[in-house]
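This report concerns only the one structure given below.
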Amino acid sequence: MSTRYNFRENEEKWQAAWKQASVYKAKEKGSKYYVLEMFPYPSGRLHMGHVRNYIIGDVFARFKRALGYSVLHPMGWDAFGLPAENAAIQHGVHPKTWTLQNIQLMREELQSLGISYDWTREILTCAPDYYSHEQKIFLDFLKQGIAYRKESFVNWDPVEGTVLANEQVIDGKGWRSGSPIERRKLFQWFLRITDFSQDLLDDLEPLNHWPEQVKTMQINWIGRSEGARILFSLIETNQVLEVFTTRPDTIFGASFLGISPDHPFVENLAKKDPALQTFITECRARGTSQKEIETAEKKGFNTNFTVQHPFLKNHTLPLYVANFVLMDYGTGVIFGCPAHDERDYDFAVKYQLTILPVIKGSNDEPSPYEGDGVLINSSFLNGLTVEQAKKEVIHRLVSKKLGKPEVSYKLRDWGISRQRYWGCPIPIIHCPTCGIVPVPDQQLPVKLPEDVVFDQPGNPLDLHPTWKYVACPTCGQAAERETDTFDTFFESSWYFARFCSPHDSAPFNKEMAEFWMPVDQYIGGIEHAILHLLYSRFFTKALKKCGYWDLSEPFQNLLTQGMVCHETYRDQAGVWIYPHEVEKREGRFVKISDGSFVKIGRSEKMSKSKCNVVPAAKIIEAYGADTARLFMLSDSPPERDFEWSEAGIEGNWRYLNKVWRLIVSHLINLQNIDLSKVPLTFTEKALETRKHTHKTIAHVTQCIERFHYNRYIAYLREFSNHLEEFSPSESSEKWALYEALHTFVLLISPALPHLAESLWEKLGHSSFVINQAWPKADPYLLIEEKAMLAIQINGKMRGTLETSPHLTEDEAKELVLELPFVKAQIQDKALIKFIYVPGRVVNVVF
RNA sequence: GCGGGCGUGGUGGAAUUGGUAGACACGCCAGACUUAGGAUCUGGUGACGAAAGUCGUGGGGGUUCAAGUCCCUUCGCCCGCACCA
């Protein structure tokens, strides 16, 4: 009898059998459960981060299937994106070829993991069959006023003559050219996500099964704040500048007005002021990323204009152009109150502006003081609290017609134009006569041309010799196609809907979508906490507005999983090297090629640049899918980072074999008895095993429901340790063993589906274990009659006492105070307190 | 800079949400067995101590009969910041 489990043979066998029987095909009947993992970008090979994500989802999908749900568990490819174009530039391979090859490889790897996907629903976002639908969706957005065009900034590389992604801007310079980047304005398409700000905020609250931190991040991102809009008139002209502030109460501490360099007023002014023009150019000599803008040194430019203070006659404030004032937030103009705002304070110190405290805290706080307090130096506001003062100022502004209350959001409209080839073409035609003309429905899809070249800077679509030249659909005159493509977040904002009816001629079938949606359990990386999830939520609402469905939120439950990390290694020269180039010899790590010592770095997120990646395919090849699955599940809870190690995978491989031996070696104990009859009485030993079996069912079920997968595996190990030592001597014990082994195999099946099938077969079944119902724990076998009571004296642990968990406080007191070690400690001192938590702890305080 | 997290033995992590810290493993140590293996089995393993015991959940302070868990403060690391996906 083989003592080793042949994973290669068995995994292949069961994968083929499942496929043959179409067991994972989703059917629209009964109670549905939609499990979705974030689909991958086909970057080349499946990495451990993907593997972890899909295994987490698979365990849950299999569990729900066993509980009797109709499960939808699909997979697809987020196939448009920048890396394909980079590959085209670097290696001369066409983005489509590169992408499809990657998908082919990754699909095979994914299938070898034995994940329960319904592959008949596979989606490729780069296929016209997918992206044509989003052109339709875009045109519907346009009709509803959700899509529009405006000018906005991009990262411009003046050497390459190309727009760069933020990722391609490193320290303010282009990644290839090394040339300083400038912000340049371009007409681009936007989606009015800001129209949904309040809905996106309000609908977050009932999402009880989303991680609190994700909700908090989204709330902060949307950034609702209540404040006031205040009008300031310029002394020198009769113009008015509008300021949004959340601190109108500090108006008497205002010492300057700061205006964004990108404000139209400033741009106008600069036409006649070369010095200001130079200042603006300086401010724009960096990328568009928020981090870059906010960490830049604070700089100002005195316009020599002044504005009238709304409440103080003969009091004016200087107007500075300030690089830290963002045009995208509020009105692009602020009033600076240096005594009570950090940034204003720094600015005032630099430009020697007045710093007048107007709020007094309870102590003498150092400037700037951003806390609560009582108003001082503030005319009619003196003595009021901050809250009261805000109300009063707004009231007075309204009566003077110099302002009004206002709610503002940090959330900005979503720019979806990309000046790139490998994306979905925006279905718009620019006509010199008719202007912007949507491509008519019957002319959809606008397909991406394949005959493009990447040997010159700029967008290959724009440079294509013929593609963009078309007749205007309205007047028939010569016109040009829009050559920008969609942001690839567009594809991932509705793919979950497409999965419900992936071959439908509409973007999705309403009936099907309303059957499967919302996604019951969504799983993906925490790095998507804001953008992808917010955009998908927005799309769901926008699609509702366009009549696609009657749904407001796409994802009922959300699990954000942690990253997969690995130790990093460097050779003697300090060059990063891969784990497979390293070996442990006599307790030290050496480079296999030359035996030199290897420097071990700390564990970091697996990345190609640090060479600490372990390819999924290699692991599956060496240990099999079930071992990889087990390791991924057993070591860390899903939401935490996962530490990949050679020792870890080895240990789990050994456990797999242990399970195999456990069942196989017990088979002899199940012979020659009638297992179909439940015995009327059980020996104490049999009963103990039965209790263990049912407690394990209860524990495991709860652990899986709560995604405590590492504890799920821990309970299985504890149970198998028990079963290893169990040797039945009479028939009720044999029956208890039979029950235990069958239950064990059922319980491991979501985690180790191939091994479970093999063992199920060994136990004499010809059906699939994955089609079996999930076991139910017998409540009578879960009852505890004994509890270990912890005895504390003055809060310190001093011993334990085995008792019934149902003792009354008086009974417990009587028992505990008679214990010798308790008596010895108390002696004749008076008892002050006796604390009793039934079944858990007593604390004797004297 | 702004927003959100995390921190428990040599290692990954447990700890019915304030009630016996270290479940379950990995590693290590000792032993057994053997057709000498990437095998299996048994025992040990938080630190200090001969023991009684003392100390222990990044550091400091606090609340409580009782703190890994709650509060304040501090340090370190990670994620996101709107054109990577």
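The values are calculated or read from the model by the stated rules, or taken from the named source; none is laboratory data. Computed from a prediction, not measured in an experiment: that's the story for all the values here. We place every Cβ from the backbone using ideal geometry, glycine too, and count neighbours over all the protein chains shown. Ligands, DNA and RNA are excluded from the accessible area calculation, which covers all protein heavy atoms including side chains. Shrake-Rupley method; radii C 1.70, N 1.55, O 1.52, S 1.80 Å.
Here is how the numbers come out for the structure above:
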read-out: Relative frequency of Cα-Cα separations exceeding 13 Å in segment A:159-198, percent; value: 60 percent
read-out: Computed Rg/Rh of segment A:6-73, alpha carbon atoms with Kirkwood Rh; value: 1.01
read-out: Segments A:317-327, A:167-177, A:226-236, A:553-563 sorted - mean Cβ within 10 Å per residue, highest first; value: A:317-327, A:553-563, A:226-236, A:167-177
read-out: Estimated Rh, segment A:141-272: Kirkwood, alpha-carbon pairs, angstrom; value: 19.3 Å
read-out: Calculated [θ] (222 nm, deg cm²/dmol) that DSSP helices of n ≥ 4 give over chain A, each run adding -39,500 (n - 2.57); value: -10500 deg cm²/dmol
read-out: Cα-based equivalent ellipsoid of segment A:276-362: semi-axis lengths in Å, sorted from largest, via gyration tensor; value: 25, 17, 12
read-out: Segment A:656-797 - convex hull of the alpha-carbon atoms, volume per residue in Å³; value: 147 Å³
read-out: Debye intensity ratio in log₁₀ form over the Cα atoms of segment A:215-307, taken at each q of 0.16, 0.21 Å⁻¹; value: -0.90, -1.25
read-out: Whole-angstrom Cα spans of segment A:580-651 along principal axes, big to small; value: 36, 23, 23
read-out: Per residue accessible area in Å² of chain A, where ligands, DNA and RNA are left out and the probe is 1.4 Å; value: 46 Å²
read-out: Chain A - percent relative contact order, Cα under 8 Å, separation 6 or more; value: 13 percent
read-out: Set A:Lys143/A:Lys541; A:Lys32/A:Lys510; A:Lys658/A:Lys762; A:Lys29/A:Lys143; A:Lys25/A:Lys762 screened for pairs whose C-alpha atoms are more than 24 Å apart; value: A:Lys29/A:Lys143; A:Lys25/A:Lys762
read-out: Antiparallel bridge percentage (DSSP; both residues within chain A; nearest 5); value: 75 percent
read-out: Set of lysines near A:Lys299 by C-alpha distance (under 17 Å), chain-local residues within fewer than 8 positions excluded; value: A:Lys291, A:Lys350
read-out: With every protein chain in place, chain A: carbon and sulfur % of accessible area (1.4 Å); value: 50 percent
read-out: Per residue convex hull volume, Cα atoms of chain A, in Å³; value: 260 Å³
read-out: Coarse-grained scattering of segment A:331-487 at q = 0.16, 0.19, 0.20 Å⁻¹, given as base-10 log I(q)/I(0) from a Debye sum over alpha-carbon atoms; value: -0.92, -1.25, -1.33
read-out: For segment A:434-504, average projected area of the Cα convex hull in nm²; value: 6.7 nm²
read-out: Cβ crowding within 10 Å averaged over residues, with A:54-63, A:442-451 ranked highest first; value: A:54-63, A:442-451
read-out: Equivalent ellipsoid, segment A:540-618 (semi-axes from 5 times Cα gyration tensor eigenvalues, Å); value: 47, 11, 10
read-out: Dimensionless Rg/Rh of segment A:371-449 - Kirkwood Rh, Rg from C-alpha atoms; value: 1.42
read-out: Ordering of A:805-814, A:645-654 by burial proxy (mean other Cβ atoms within 10 Å per residue, highest first); value: A:645-654, A:805-814
read-out: For q = 0.13, 0.18 Å⁻¹, Debye-computed log10 I/I(0) when each Cα of segment A:126-195 counts as one equal scatterer; value: -0.57, -0.81
read-out: Fraction in percent of alpha-carbon pairs per bin - 10 Å, segment A:73-149; value: 16, 34, 30, 16, 2
